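Shown next, in structure tokens, is the structure this report addresses.
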Amino acid sequence: MPDQTSVAVLGFRPHTYWTAAVALAGQRNSPQVVHRRRIVFAFDKERFVYHRAAEAAPAEVFALIEEVRAATQANAAREIGDLVADLGRSGLRARIAVTPASTANPAETLTDILRSHSSIHSAEGNFYRDVVASACEAAGLEVRRVRERELPGLLRALLPDEPSVEIRLRAMGAALGPPWSEDYKLATQAAWLHLEDHNQEEHSEYSVGARV
């Protein structure tokens, strides 16, 4: 565990029923993954909510989606709260969570979404990303959101002296051992983007990315 900090930043990479979660600590130029976890937050009929909505009666669609939203947010908040508590027992305080930004088309109505299979897939991705972000807030974390495709460029801009982010990520994975999938790498990069550098003022990095 890093010696110079008791603060960890959490990074998440959600899917339609689970999310990779990583806790990153240390300074921005010397980060260390101190915890990783697979969190399952959707079960049975809570999965693939827009696919289910496309097969439901029109009058039931909105209630179905909101029912699943409430259930999955509660599940995720409970599991993320447990993660924060486990870190606390290890002497680490987590207060920032970084999750992927949604990519919704604001012009699409719910009716439009349910008519298109590709839109259903896109809407589900956004739905469960939003679930994890809201659950992090419910667990008492300050949430930052970032577009995944922008992560490499943002990290390079913050770390101009870092020879290769990918080399550093491979080293982190080697230190941890498997599993070290793309999900964990992306969650780590998201957390890394907002990791506090203890040579700077506490909130200097908050200008990067967007709040919920």
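Of the set (1) exposed (fewer than 12 other Cβ atoms within 10 Å of the Cβ); (2) under 20 Å from Thr72 (Cβ atoms); (3) of a type in the set (Gly, Ala, Ser), all apply to Ser118 but (2).
Tallying residues that are aromatic (Phe, Trp, Tyr) and in a helix (DSSP H, G or I) within segment 14-51 yields 1. Scanning segment 127-169 for residues that are surrounded by fewer than 17 Cβ atoms within 10 Å (Cβ to Cβ), of a type outside the set (A, V, I, L, M) and over 17 Å from Ala21 (Cα atoms) gives Arg149, Glu150, Pro152, Gly153, Arg156, Pro160, Asp161, Glu162, Pro163, Ser164, Glu166. Can Leu87 be described as surrounded by fewer than 19 Cβ atoms within 10 Å (Cβ to Cβ) and either touching a residue at least 60 places away in the same chain (Cβ under 8 Å) or not in a strand (DSSP E or B) (or both)? Here the answer is no, as Leu87 does not meet what is asked. Checking the structure you have, find out if any residue of segment 120-132 is under 19 Å from Gln189 (Cα atoms), among the small types (Gly, Ala, Ser) and modelled with pLDDT under 95. Scanning segment 120-132, I find no residue that is under 19 Å from Gln189 (Cα atoms), among the small types (Gly, Ala, Ser) and modelled with pLDDT under 95, so the answer is no.
Would you please name the residue that is surrounded by the fewest Cβ atoms within 10 Å (Cβ to Cβ), looking only at residues in segment 18-29 that are at pLDDT below 95 and more than 19 Å from Ser90 (Cβ to Cβ)? Within segment 18-29, the match that is surrounded by the fewest Cβ atoms within 10 Å (Cβ to Cβ) is Asn29. Annotation note: of Val49, Val33, the sole residue that is under 15 Å from Ala190 (Cα atoms) and surrounded by 14 or more Cβ atoms within 10 Å (Cβ to Cβ) is Val33. The set of residues in segment 1-16 that are at pLDDT 95 or above and surrounded by fewer than 21 Cβ atoms within 10 Å (Cβ to Cβ) contains only His15.
Only residues that are in a loop (DSSP other than H, G, I, E, B) and farther than 15 Å from Arg28 by Cα: list them for segment 152-180, please. Break it down stepwise before answering.
Keep residues of segment 152-180 that are in a loop (DSSP other than H, G, I, E, B), which gives 159-164, 177-180.
Answer for segment 152-180, where residues must be in a loop (DSSP other than H, G, I, E, B) and farther than 15 Å from Arg28 by Cα: Gly177, Pro178, Pro179, Trp180.
State whether one or more residues within segment 93-106 are among the aliphatic types (A, V, I, L, M), free of Cβ contacts under 8 Å to residues at least 24 places away in the same chain and either in contact with a Phe, Trp or Tyr (Cβ under 7 Å, 6 or more places away or on another chain) or surrounded by 18 or more Cβ atoms within 10 Å (Cβ to Cβ) (or both). Among the residues of segment 93-106, not one is among the aliphatic types (A, V, I, L, M), free of Cβ contacts under 8 Å to residues at least 24 places away in the same chain and either in contact with a Phe, Trp or Tyr (Cβ under 7 Å, 6 or more places away or on another chain) or surrounded by 18 or more Cβ atoms within 10 Å (Cβ to Cβ) (or both), which makes the answer no.
The values are calculated or read from the model by the stated rules, or taken from the named source; none is laboratory data. Quick caveat, the model's predicted, so the values are computed rather than measured. Here the Cβ is made from the backbone with ideal geometry for all residues, glycine too, and neighbour counts use every protein chain on show.
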